Amino acid sequence: MILDIGFETMPREDLEAIVLRRLKATIDRVYANVPFYRKKFEENHITPNDIKSLEDLKQIPFTTKEDLRDNYPFGMFAVPMDNVVRIHASSGTTGKPTVVGYTARDINTWAELMARALAAGGATRGDIIHNAYGYGLFTGGLGTHYGAEKLGASVIPVSGGNTKRQIIIMKDFGPTILTATPSYALYLAEVAEEMGVSFKDLKFKFGIFGAEPWSEKMREEIERKLNLTAVDIYGLSEVMGPGVAIECHEAKKGLHIFEDHFIPEIINPATGEVLPYGETGELVFTTITKEAFPVIRYRTRDITSLNPEPCICGRTLIRMNKVSGRTDDMLIIRGVNVFPSQIESVLMEIDEVEPHYQLVVDRKGKLDTLTVLVEVGERLFSDEVKVLQNLERKIAKNIKDYLGVSAKVKLVEPKVIARSQGKAVRVIDNRKI
Amino acid sequence: MHVEQISVFLENKAGRLAEVAAILAEADVNIRALALADTSDFGVLRLIVNDNQKAIQALKNRGFTVSKTDVVAAEVEDRPGGLNRILDILNRAGINVEYMYAFVQHTGKNAVMIFRIDPIDEAIKLLQKNNITVIEGSKVYAM
């Protein structure tokens with residue numbers, strides 16, 4: 001179902017006129033209210049008056065995750081804290097998270113876009129939505145929740161974890177829409193099978209899965225095992241959260257970007273040059289309606305391409321293809337963003353540990369597992385096994401405390417971690433997505 | 001009266017112990033006693049050898065992490081209750097034994113055991129006061 005016929009099927013020329021007007025207003029606002037942007041504009045001899053067309057956006061420099069970190073926690077906010085009603089955070093590249101804020105109007109916009117997304121994925125107000133995205137600082141849980149309520153559906157705020165209880169709730173409450181990370185969806189299928197529960201006997205029609213990359217092969221597996229139609233949803237907290245783009249269940253071929261709120265660009269990650277439609281590169285977003293946390297040409301580090309062809313669903317919004325990778329070393333483990341540099345900071349806080357470590361990511365059964373290999377040097381070594389075991393436990397606990405992800409820590413002999421041309425191989429990702 | 005033990009970190013996988021034995025053989029080092037403590041992932045091999053310097057150098061050259069620890073070698077009467085007597089003495093004094101292991105060879109009628117004890121000097125004095133024979137390092141390496 002198309003929730004907002006006006007915007008979602010608007011002729012391109014009309015849409016572009018609105019986008020330009022909103023872009024100009026956003027540029028005016030960040031120039032006036034965010035010192036970071038004003039400085040960047042001034043350094044590049046740009047004033048808001050120079051932005052006369054959508055083409056002119058190219059003149060403005062990019063914004064990166066490092067910029068957000070340099071302005072931690074609230075330096076990028078464009079409104080006084082009095083007007084901020086919500087704060088979310090995601091993993092930063094070092095110990096500090098990336099912090100984003102929302103005004104009451106931002107929360108409402110987000111709920112509307114998320115409601116559009118759920119509708120595109122097959123949900124209606126008559127549905128019961130089993131929302132297994134984590135609630136908390138992560139935008140997945142609350143973002144989906146508000147969208148479900150805005151749509152008028154019934155939402156079960158079950159969050160992540162407690163998988164057996166989730167299966168019982170699915171059996172007893174009869175939800176018809178599942179929202180979760182794709183890997184957790186498959187894990188639910190596995191646990192249901194162990195419990196003797198068949199998804200054929202459950203009432204699910206559609207599943208809306210995101211927060212981590214997944215393949216067409218995984219879609220087939222989810223649809224078969226969970227007996228539902230699976231669509232991909234895209235979002236990131238820096239831009240808003242879930243609901244930036246959504247696949248329609250009619251085509252299931254690329255995600256419609258809500259361009260009346262976000263301007264997408266694809267760039268060559270090495271040169272910054274804007275690439276034409278169809279070419280693969282890094283996705284860049286400019287928000288044009290956000291009040292508290294607008295971003296101008298934010299580099300997502302996600303790799304994809306844009307498809308302007310009309311869609312069978314009737315939406316005129318451009319589509320992005322499924323994200324195929326990252327231009328940085330970020331890992332997504334069970335929906336949690338993890339940078340190797342964060343693990344390194346945790347290790348370096350423990351005196352005896354030397355900076356020789358490696359992250360191994362596997363998909364065991366349906367769940368991603370993270371193993372941190374740490375080399376045992378002379379400072380760390382003890383003739384007492386319990387000292388070494390305590391150290392393993394301490395590292396695992398610190399990783400869980402700081403990053404929110406469970407890891408198995410394994411002590412290994414020196415030089416086990418392969419060094420290619422003197423540079424250690426930090427990440428081995430054995431997952432086949 | 002301390003005895004020097006060397007400890008080697010080993011991953012719990014096939015062939016690691018054999019490799020240590022091969023390196024020591026190549027370096028012409030004789031193993032006097034050994035014990036392996038292990039978990040599912042890793043192990044700590046503890047060794048008493050006839051030439052610590054040579055053994056440590058050879059193992060380090062091959063990339064192993066090695067450390068030295070002071071332990072106590074004591075004679076234990078080779079009859080029921082022999083070990084119990086020593087542990088009882090230490091226990092009464094509130095001294096904890098981290099681990100221990102046995103020598104293959106005997107001295108006369110007695111067995112020899114290695115004790116990792118902390119505080120080590122207090123433990124040695126206590127054992128000697130109770131007429132337990134504590135064997136010097138130089139003798140142990142040559143046993």
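Please give the Cα centre distance for segment A:322-377 versus segment B:90-143, rounded to the nearest Å.
After rounding, the separation between the Cα centres reads 45 Å.
Would you list which lysines come within 25 Å of A:Lys205, measuring only between C-alpha atoms, while excluding same-chain residues fewer than 8 positions from it?
Leaving aside lysines fewer than 8 places away in the same chain, those within reach of A:Lys205 are A:Lys150, A:Lys164, A:Lys171, A:Lys217, A:Lys225, A:Lys252, A:Lys253, A:Lys322, A:Lys366.
On the principal axes of its Cα set, how long, how wide and how thick is segment A:331-433? Give whole Å, largest value first.
41, 33, 24
Send over the semi-axes of segment A:32-180's equivalent ellipsoid, whole angstrom and largest first, taken as the square roots of 5 times the C-alpha gyration tensor eigenvalues.
Numbers: eigenvalues 279, 68, 34 Å².
So the three semi-axes of segment A:32-180 are 37, 18, 13 Å.
Please report B:Met113, A:Met240 as a ranked list, fewest other C-beta atoms within 10 angstrom at the top and most at the bottom. All intermediate terms of the calculation are to be shown ahead of the outcome.
Details: B:Met113 19, A:Met240 28.
Listed from fewest to most nearby Cβ atoms, that is B:Met113, A:Met240.
Assuming a viscosity of 1.306 mPa s and a temperature of 10 °C, what translational diffusion coefficient in µm² per second does Stokes-Einstein assign to segment A:94-157, Rh being the Kirkwood radius over Cα pairs? Intermediate results must be reported in sequence, preceding the final value.
Details: Rh = 12.3 Å.
Rounded to a whole number, D works out at 130 µm²/s.
What does the charge add up to near A:Ala245, with Lys and Arg as +1, Asp and Glu as -1, over the other residues with Cβ less than 10 Å from its Cβ? Before the final figure, lay out each step's value.
Numbers: positive: A:Arg319; negative: A:Asp232, A:Glu247, A:Glu259.
Around A:Ala245, the surrounding residues sum to -2.
Give me the extension gain from A:Lys52 to A:Thr64: residue separation times 0.36 nm, minus the current Cα-Cα distance, reported in nm with one decimal.
Numbers: separation 12, 0.36 × 12 = 4.32 nm, distance 2.40 nm.
Result for the pair: 1.9 nm of gain on full extension.
Most exposed first by the Cβ proxy, i.e. fewest other Cβ within 10 Å, how do A:Ile318, B:Ile114 rank? Mind showing how you got there, number by number?
Details: A:Ile318 20, B:Ile114 23.
Lowest to highest Cβ neighbour count: A:Ile318, B:Ile114.
Can you tell me the Rg and the Dmax, both Å, for the Cα atoms in segment A:69-328?
Cα radius of gyration and Dmax of segment A:69-328 are 18.1, 54 Å respectively.
Which value, in debye to the nearest 20, gives the size of the charge dipole of segment B:3-69 about its Cα centre, when Lys and Arg are +1 and Asp and Glu are -1 at the Cβ?
Working: 8 positive and 8 negative charges, 19 e Å.
That gives segment B:3-69 a dipole magnitude of about 100 debye.
Return the Rg/Rh ratio of segment A:175-275 with Cα-based radii and a Kirkwood Rh.
Working: Rg = 16.0 Å, Rh = 15.0 Å.
Dividing the radius of gyration by the Kirkwood radius yields 1.07.
Say each of B:Gln105 and A:Lys200 gets a label point 7 Å from the Cα, pointing the same way as Cα to Cβ; how far apart are those two points in nm?
7.4 nm
Divide by every residue of the protein assembly as shown the summed helix terms, -39500 (n - 2.57) for each DSSP H run of at least 4, and state the resulting mean residue ellipticity at 222 nm, rounded to the nearest 500 deg cm²/dmol.
Calculated at 222 nm, the ellipticity per residue is -9500 deg cm²/dmol.
Mind checking segment A:213-298 for GluC sites (Glu not before Pro) that DSSP puts in a loop (not H, G, I, E or B) and that have at most 14 other Cβ atoms within 10 Å?
Values: sites: A:Glu216, A:Glu220, A:Glu221, A:Glu223, A:Glu238, A:Glu247, A:Glu250, A:Glu259, A:Glu265, A:Glu273, A:Glu279, A:Glu282, A:Glu291; in loops: A:Glu238, A:Glu250, A:Glu259, A:Glu273, A:Glu279, A:Glu291.
Filter output for segment A:213-298: A:Glu273, A:Glu279.
Quick one: P(r) of chain B from all Cα-Cα pairs, 10 Å bins, percents rounded to integers, in order of increasing distance.
Percent of pairs per bin, in order: 11, 40, 32, 15, 1.
When all C-alpha to C-alpha distances in segment A:267-371 are sorted into bins of 5 Å, what percent of pairs does each bin hold, rounded to whole numbers?
Per 5 Å bin, starting at 0, the Cα pair percentages come out as 2, 10, 14, 15, 15, 15, 12, 9, 4, 2, 1, 0, 0.
Relative to 2.2 N^0.38 Å, what does the C-alpha radius of gyration of segment A:109-226 come to as a ratio? Two decimals please.
On the way: Rg = 13.2 Å, N = 118, 2.2 N^0.38 = 13.5 Å.
Ratio of Cα Rg to 2.2 N^0.38 Å: 0.98.
Would you mind pulling out the separation of the Cα centroids of segment A:214-280 and segment B:9-78, in Å?
56 Å
Given all pairs of different Cα atoms, what value in angstroms does the Kirkwood hydrodynamic radius of segment B:70-137 take? Please list the in-between numbers first.
Values: mean 1/r = 0.0842 Å⁻¹.
The Cα-based Kirkwood calculation yields 11.9 Å.
Whole-Å semi-axes of segment B:3-69's equivalent ellipsoid, largest first, each the root of 5 times a Cα gyration tensor eigenvalue? Walk me through the intermediate numbers first.
Working: eigenvalues 63, 34, 22 Å².
That gives 18, 13, 10 Å for the three semi-axes.
Determine, from the Cβ-Cβ distance of B:Glu122 and A:Val360 and an R0 of 51 Å, the FRET efficiency 1/(1 + (r/R0)^6), rounded to the nearest 0.05.
Details: r = 45 Å, r/R0 = 0.88.
The calculated FRET efficiency here is 0.70.
Whole angstrom only: what separates the Cα centroid of segment A:46-89 from the Cα centroid of segment A:1-25?
Value for the Cα centre distance between the two parts: 22 Å.
Averaged across the residues of B:30-41, what count of C-beta atoms belonging to other chains lies within 10 Å of each residue's C-beta? All intermediate terms of the calculation are to be shown ahead of the outcome.
On the way: counts 0, 0, 0, 0, 0, 0, 0, 5, 1, 6, 1, 8.
Mean shielding by partner chains, rounded to a whole number: 2.
Going by C-beta contacts inside 10 Å, put A:Ile233, A:Ile107 in order with the fewest on the left.
Values: A:Ile233 25, A:Ile107 16.
If I rank by nearby Cβ atoms, fewest first, I get A:Ile107, A:Ile233.
Can you give the Rg to Rh ratio of the protein assembly as shown, both from alpha-carbon atoms, with Rh computed by the Kirkwood formula? Each step should come with its number before you reach the end.
Values: Rg = 31.5 Å, Rh = 27.8 Å.
Ratio of gyration radius to Kirkwood radius for the protein assembly as shown: 1.13.
Grab the beta carbon distance between A:Arg224 and B:Asn131, set R0 = 60 Å, and tell me the FRET efficiency rounded to 0.05.
On the way: r = 77 Å, r/R0 = 1.29.
With R0 = 60 Å, the Cβ-Cβ based efficiency is 0.20.
Each reported figure results from applying straightforward, stated rules to the coordinates on display, with no laboratory input. No experiment lies behind these values; they were computed from the predicted model shown. We place every Cβ from the backbone using ideal geometry, glycine too, and count neighbours over all the protein chains shown.
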